[in-house]
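J.: This is the structure I have questions about; it appears just below.
The values are calculated or read from the model by the stated rules, or taken from the named source; none is laboratory data. Only a predicted model underlies this, so the values are computations on that prediction, with no experimental measurement involved. Don't worry about glycine lacking a Cβ; one is built from the backbone with ideal geometry, like all the others, and counts go over all protein chains shown. Ligands, DNA and RNA are stripped out before the accessible areas are found, and what is left, the full protein with its side chains, is counted by its heavy atoms. Shrake-Rupley method; radii C 1.70, N 1.55, O 1.52, S 1.80 Å.
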Amino acid sequence: MSRIGVFICHCGHNISGAVDIDALKKKVAQIPDVTFVIDNPYLCSTPGQELVGDMIKEHQLDAVVTSHCSPTLHERTFRNVAANSGLNPYKLEVANIREQASWPHWHQPDLATKKAFIIICESVAKVKRNMALEETSVPITNRAMVIGGGVAGIQTALDIADGGHKVYLVEQDSTIGGKMIQLSETFPTLDCPQCIMTPKMTDVANHPNIELLSYSELDELEGYIGNFKAKVRRKARYINEEKCTGCNDCTQECPIYNQPMIRYAPKYSEFMDKEFIEKIEPCVTPYVGQSSALVQVLLDVNMKFNYLPQDAIKYVSEKLRVPLSKVYEVATFHNVFSLEPRGEHIVGVCVGTACCTKGALKVLEEIEKLLGIKSGETTQDYKYSLMEVNCLGCCALAPVVTIDDEYFHADPSDVNPLFDRYEGGSDQ
Amino acid sequence: MIKNSQQLNAFAKEIQTKKEKYKGKTIAICNGSSCRALGADKITQLIRDEIKKHNLDVDVVNVLTTGCHGFCERGPLMIIQPEEIFYQKIKPEDVPEIITETIIDDRIIDKLIYNDPKTKKKIVYKPDISFYKKQMRLLFESNEHINPKKIDDYIGIGGYSALAKALTMEPEAIIEEILKAGLRGRGGGGFLTGWKWKFCRNEKNDTKYVICNAAGAFIARSISEGNPHSVIEGMIIGAYAIGAYKGYIYVRHGYPLAIENFNLAIESAKEFGILGQNILESGFDFEIVISRGCGEFIAGESSALIASIEGKAAIPRPKHIHATEKGLWNRPTLLNNIETWANIPFIINRGADCYASVGSEKSKGTKIFSLVGKVNSTGLIEVPMGITLREVIFDIGGGMINGKKFKAVQIGGPSGGLVPESLLDLHLDFDSLKEAGTIMGSSEMIVFDEDNCMVDTAKFFIKYLMDESCGKCTPCREGLVQMHDILCQITDGKGREEHLDMLQELAWGIANTSLCQLGKSAPNPVLSTLKYFKDEYETHIRDKKCPAGVCKALIEYIIDSEKCIGCTLCAKRCPVNAISGEKKNPHEIDPMICIKCGICYEVCPVNAVERK
């Protein structure tokens, strides 16, 4: 059996303007274990705080719920009050009835009152289970690791290091600087990124508290705040770091400069259908091992299947020795490629400028109506897929519609004739 | 197989004498993509059948399938040589008549000849047509005389003679010649081509590349479909001048005919010994590979194009180091637009002085433009640099459709600026265009009339560029979205005074901080409309009205009860049943239901529907 006190704040007019305080007080008093309820116009003011302290002592409360604004603002205030009055501060909970009840339901007072009551109920239920906690301190390792040597990583590392702590800065590339050092001007002040970055980069190199791990990657990370264990893999350098002056001559002379590094080649094709492989093989075989042919191969595969099946992407990745992520980068960047199955006929509406001035958007709208699908979708019977395409270079014909590889001049007021030769269009 | 330049000359002479001796007629049918879309391939087949049916000898008539003639709007086109009779909008059922009347009996078919929309006069012969009259077709003229699939035709008109000449010259002398000609890059930037060649020549590297950017739209397509050999000839000369052994032609995969013609041209050039090992016994080797692109707008940007050839996503990179130093696979690379390459043989053949005599002071030669939009004659035109906009739109283009009032013309593709009526006397060259707030860009010219809202037009282009932005750099990716958002608010009637300043500021930031030309030029449509059509923005913001009647949120459709004859046509066609009224009595539109689709406005036979 606990003795719980509930304090309700009016917050001037902020809470009492929507919440019916008297009705709320009556209902709260009926909650089991609540032995004491009181309201106050400004609970956070000095008299208000004193009231809380006095009441805790006077009524020998062993748990308290203060109902007012967000705990971010005043939880600490009232926990201090509780501690000064001999109550364990963790036996105090805040019911946020301003941001969560009165403000959002300002024009629905009934709802606001009801919600405030529910929130207080929840807080009372919680505080009943709260245990008296004691604060202790434990030693931690005063070292930090920053992953990524871009502008944010560099600044973070410098700030921590200037604060007197040891920092490990891990960068996957052979140099720090990231994307920003590659820009010519920065938005919106047109500052020169090199002027900002190079001093910071040398600071990192010279800082006694920073250990730079460039050309390295984080492999494992475990533990919790104050006690992390990280495993960093430093990539092979194939040079003697002690002797290297960084003159860069070797990269110029390297015969395989700029070739992709493949650590291992996964064998996706072992798990694929024979039929599928027979179909895709002719598109890929001429280019085996040629990463530069990626776009060409994907175009052919896309044409053959009308889209890029997942297996096809894996197959291309394996045969061309291009990482899967790179294949996906190209496949998702260009909108000629589709990762979803598409219809038998692909209808493209040119939305280039010339076509749009002659009513291409109307044509698109009419075709959408006729086929019952939106641009980018496929009919349910997989007969047609509709898409918007960029200028097709037939501007004098505008507006232009392509069906498969054939070009047609479309009439915005009647698009039906376009589909005549494909068995009279769809069901509609 | 042609071994040296003497043999090439002899072969060309042979073809020429054969042509001169030929006394029959030649039917040149345009088989460019536009005409094919209108049925040109079917007509070609029908003509061949009809000739067979009449047992006409090759001495009497022969058929030539050519590339684009430029006047695409009137397709399918046909020119009957030697008289140069110009037939347009030919239908399959006209074919028998063409053979019996024109070919056999030498009579002109009245319904097929061109009717000038301006003067209402009928014109029989091609040179008399105003669309062609003011043009100067240095590159395009040959399209009408050759079959792009046959290398013989190209050699017959003097093709590859420039190559033979160039191979006898010192590489430095070739570069000097190009510099003297004052040729500037046709890709839009307008950098002096000769300088680019010089930089590339001066690079010390065993492996260099040349690239032809044929990723553009209308113009690139017509050259690659109509005269691929001229591009290949230009590329071989360029490669010889800088010392490259491999070239790439980057074509959009969506242009199958262009790819087919390039492939054929490369194959036949190899058979003739013009490509491959020891070209014309000069000891110079060169090969060309076709690389297909996905057709993104950004792929026209040089570093994105190079990335695409390397098999990566077409994303640009910062250009502290120019492609002439480290381009394709980090080797010195000479990248030129397809039109630039096609200009090279002319310069070498006729000399720099002849070339430089055409054009304006700082922009030499001719330029191909695609003229589309609300003008009477649309198509591809080739004009000397420095011609005025007025001449292009009102003489070549034949004026505005339906006599509407000219409002603006956009030059240079989606990221070009819009030029108003007051600047119609603007000279079309790189520097004047830049001064007027637009770019040469892709050389597209889109003409707008009084029915186009400039705010809506700017919004349309920003939307397009926003979709096409690759997303690599922040100003372009985020800035364009914000810009589009503001323009949407203005066209939705939620515009505020401060929006205009915000647009200016955003435009400045995007133009100055973007990584590549797409971003740098993207604010042009907004900047130019803000400059020349500010009043239209202000009417949208202050009066909440769209003067052109385009922005749906700002207009209203009303039926004039005095004019309405109660024909019920509008009520029948209204998609939301917003129009009510008895038969033969004035109708009314319920503004609460109306979705402002404008169908009633279009269908009303007595113009009783008003747009306000």
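J.: Can you give the convex hull volume of the alpha carbon atoms of segment A:286-391 per residue, in Å³?
T.: In segment A:286-391, the Cα convex hull volume per residue is 100 Å³.
J.: What aspartates and glutamates could a cross-link reach from residue B:584, if we take a straight Cα to Cα line under 20 Å and drop same-chain neighbours fewer than 8 places away?
T.: Reachable aspartates and glutamates: B:560, B:562, B:602, B:610.
J.: Give a quick list of trypsin sites (Lys or Arg not before Pro) in segment A:323-363 that DSSP marks as loop, anything other than H, G, I, E or B, with at most 12 other Cβ atoms within 10 Å.
T.: Hits after loop and neighbour filter: nothing returned.
J.: Continuing with this model, one more query. Compute the label zone of residue A:103 within segment A:65-88: residues whose backbone N is under 15 Å from the point 7 Å along Cα-to-Cβ.
T.: So the set is A:68-75.
J.: Something else now. Short version: ³J(HN,Hα) in whole Hz for each residue of segment B:547-562, in order, from phi by Karplus 6.51 cos²θ - 1.76 cosθ + 1.60 (θ = phi - 60°), x for Gly and Pro, what are they?
T.: With coefficients 6.51, -1.76 and 1.60, one gets x, 7, x, 10, 6, 4, 5, 10, 10, 9, 9, 10, 9, 6, 5, 6 Hz.
J.: What is the angle, in °, between the Cα long axis of helix B:228-242 and the longest principal axis of the Cα atoms in chain B? Nearest 10 is fine, range 0 to 90.
T.: Rounded to the nearest ten degrees, it is 60.
J.: With every protein chain kept in place and ligands, DNA and RNA left out, what is the accessible area per residue of the protein assembly as shown? Probe 1.4 Å, answer in Å².
T.: The answer is 46 Å² per residue.
J.: To the nearest 500 deg cm²/dmol, what mean residue ellipticity at 222 nm is calculated for chain B from DSSP H runs of n ≥ 4 alone, each contributing -39,500 (n - 2.57), summed and divided by the residues?
T.: Calculated at 222 nm, the ellipticity per residue is -10500 deg cm²/dmol.
J.: Then there's this: Rounded, prolate or oblate for segment A:4-129? Axes are the square roots of the Cα gyration tensor eigenvalues, ordered a ≥ b ≥ c, and the cut-off for rounded is a/c under 1.5.
T.: Prolate, because a/c is 1.5 or more and a/b exceeds b/c.
J.: Further question: First measure r as the distance between the Cβ atoms of residue A:202 and residue B:481, then evaluate 1/(1 + (r/R0)^6) with R0 = 35 Å and state the FRET efficiency to the nearest 0.05.
T.: 0.45
J.: Per DSSP H run of at least 4 residues, take -39500 (n - 2.57); add these up for chain A, divide by its residues and hand me the 222 nm value, nearest 500 deg cm²/dmol.
T.: -10500 deg cm²/dmol
J.: So how do A:395, A:250 rank on accessible area, 1.4 Å probe, biggest first, that is with the largest at the start?
T.: A:250, A:395
J.: Using the per-residue mean of other Cβ atoms lying within 10 Å as a proxy for protection, in what order, highest first, do the peptides B:430-436, B:522-528, B:237-243, A:317-323 fall?
T.: Ranking, from highest mean packing down: B:522-528, B:237-243, A:317-323, B:430-436.
J.: Sticking with this one: Under the 0.36 nm per residue contour assumption, what length would be gained going from the current alpha-carbon distance of residue B:41 and residue B:501 to full extension?
T.: 160.2 nm
J.: Restricting attention to segment B:340-422, which trypsin sites (Lys or Arg not before Pro) occupy a DSSP loop and are surrounded by at most 11 other Cβ atoms within 10 Å?
T.: B:405
J.: In addition: With equal scatterers on the alpha carbons only and no solvent term, can you work out the Debye log10 of I(q)/I(0) for segment A:345-420 at 0.20 1/Å?
T.: Rounded to two decimals, the profile gives -0.74.
J.: Follow-up. Return the FRET efficiency for the residue pair residue A:304, residue B:568: r is the Cβ-Cβ distance, R0 is 45 Å, and the value is rounded to the nearest 0.05.
T.: Using R0 = 45 Å, I get an efficiency of 0.25.
J.: For chain A, count all C-alpha to C-alpha pairs, find those more than 26 Å apart, and express that count as a whole percent of the total.
T.: Roughly 75 percent, rounded to a whole number.
J.: Run through segment A:106-179 and list the chymotrypsin sites (Phe, Trp or Tyr not before Pro) located in a DSSP loop whose Cβ has at most 15 other Cβ atoms within 10 Å.
T.: For chymotrypsin sites (Phe, Trp or Tyr not before Pro) across segment A:106-179 that sit outside H, G, I, E and B with at most 15 neighbouring Cβ atoms in 10 Å, the list reads A:106.
J.: If you don't mind, another one. Distance check, please: which entries in A:279/A:304; A:362/B:563; A:314/B:312 exceed 18 angstrom between their Cα atoms?
T.: Correct reply: A:362/B:563.
J.: Enter the buried accessible area of the B/A pair, total of both sides, probe 1.4 Å, in Å² rounded to the nearest 100.
T.: Answer for the B-A pair: about 4200 Å² buried.
J.: Hey, what D do you get for segment B:454-543 in µm²/s if you plug the Kirkwood alpha-carbon radius into Stokes-Einstein at 20 °C and 1.002 mPa s?
T.: 168 µm²/s
J.: Per 5 Å bin from zero, what fraction in whole % of the C-alpha pairs of segment B:125-217 is there, up to the bin with the longest pair?
T.: Result, from short to long distances: 2, 9, 13, 16, 20, 19, 11, 5, 2, 1, 0 percent.
J.: Roughly what would the spin-label model give for residue B:108 and residue B:26, points 7 Å off Cα along C-beta, in nm?
T.: According to this spin-label approximation, the distance is 2.2 nm.
J.: Looking at segment B:151-356, what % of its DSSP beta bridges pair antiparallel, to the nearest 5?
T.: 10 percent
J.: Return the distance in nm (one decimal) between the two label points of a simple spin-label model at residue A:179 and residue B:150, each offset 7 Å from Cα along Cα→Cβ.
T.: Distance between the two pseudo-spin positions: 5.5 nm.
J.: Quick one: grab the alpha carbon gyration tensor of segment B:107-171, order the square roots of its eigenvalues as a ≥ b ≥ c, and give me rounded if a/c is under 1.5, else prolate or oblate depending on whether a/b is larger than b/c.
T.: prolate
J.: Based on the Cβ-Cβ distance of residue A:285 and residue A:219, what FRET efficiency does E = 1/(1 + (r/R0)^6) give at R0 = 35 Å, to the nearest 0.05?
T.: With R0 = 35 Å, the Cβ-Cβ based efficiency is 0.45.
J.: While we're looking at this one, here's another question. Mind checking which aspartates and glutamates have their C-alpha under 20 Å from residue B:364, skipping anything on the same chain fewer than 8 residues away?
T.: Cα-Cα hits under 20 Å: B:141, B:176, B:177, B:339, B:353, B:382, B:391, B:425, B:429, B:431, B:435, B:444.
J.: Working from the alpha-carbon coordinates of the protein assembly as shown, get Rg over Rh, Rh being the Kirkwood radius.
T.: Value, to two decimals: 1.07.
J.: Okay, moving on. How large, in Å, is segment B:1-112 by the Kirkwood hydrodynamic radius built from its alpha-carbon pairs?
T.: With all distinct Cα pairs of segment B:1-112 included, I get 15.1 Å.
J.: Quick one: what does P(r) look like for chain B with 10 Å bins over all Cα pairs, in whole %?
T.: The percentages, shortest bin first, are 3, 15, 23, 24, 18, 11, 5, 1, 0.
J.: What lysines could a cross-link reach from residue B:18, if we take a straight Cα to Cα line under 18 Å and drop same-chain neighbours fewer than 8 places away?
T.: Partners found: B:150.
J.: Follow-up question, since we're still on this one. Taking 4 °C and 1.567 mPa s as the conditions, I'd like the Stokes-Einstein D for segment B:551-612 in µm²/s, using the Kirkwood hydrodynamic radius from alpha carbon pairs.
T.: Diffusion coefficient, whole number: 114 µm²/s.
J.: List the residues of segment A:321-356 that lose 50 Å² or more of accessible area once all protein chains are present, compared with their chain alone (1.4 Å probe, heavy atoms only, no ligands or nucleic acids).
T.: Residues meeting the cut-off: A:333, A:334, A:353.
J.: Mind scanning B:180/B:472; B:407/B:544; A:243/B:196; A:235/A:326 and naming the pairs with a C-alpha gap bigger than 30 Å?
T.: Distance filter (> 30 Å) returns B:180/B:472; A:243/B:196.
J.: Label points 7 Å out from Cα along the Cβ direction at residue A:339 and residue A:13: separation in nm?
T.: Label-label distance for residue A:339 and residue A:13, simple model: 5.4 nm.
J.: Roughly what angle does helix A:324-333 make with the longest principal axis of chain A, taking Cα atoms, 0 to 90 degrees, to the nearest 10?
T.: Long axis of A:324-333 versus the principal axis of chain A: about 80 degrees.
J.: Which percentage, to the nearest 5, of the DSSP beta bridges contained in chain A is antiparallel?
T.: Of all bridge pairs located within chain A, approximately 35 percent are antiparallel.
J.: Which entries in the list A:358/B:612; B:89/B:463; A:369/B:596 go over 24 Å, if you measure between the two C-alpha atoms of each?
T.: B:89/B:463
J.: Over the C-alpha atoms of segment B:193-305, what are the Rg and the largest Cα-to-Cα span, Dmax, in Å?
T.: Rg then Dmax for segment B:193-305, in Å: 14.1, 41.
J.: Sticking with this structure for a sec: Suppose we keep just the DSSP beta bridges with both residues in segment B:366-449; what percent of those would be antiparallel, to 5?
T.: Bridges in segment B:366-449 are about 80 percent antiparallel.
J.: Let me ask you something else. Bin width 5 Å, alpha-carbon pairs only: give the P(r) of segment B:237-380 as whole percents, running from 0 to the bin holding the largest distance.
T.: Taking all Cα pairs of segment B:237-380, the binned fractions are 2, 8, 13, 16, 18, 18, 15, 7, 2, 1, 0 percent.
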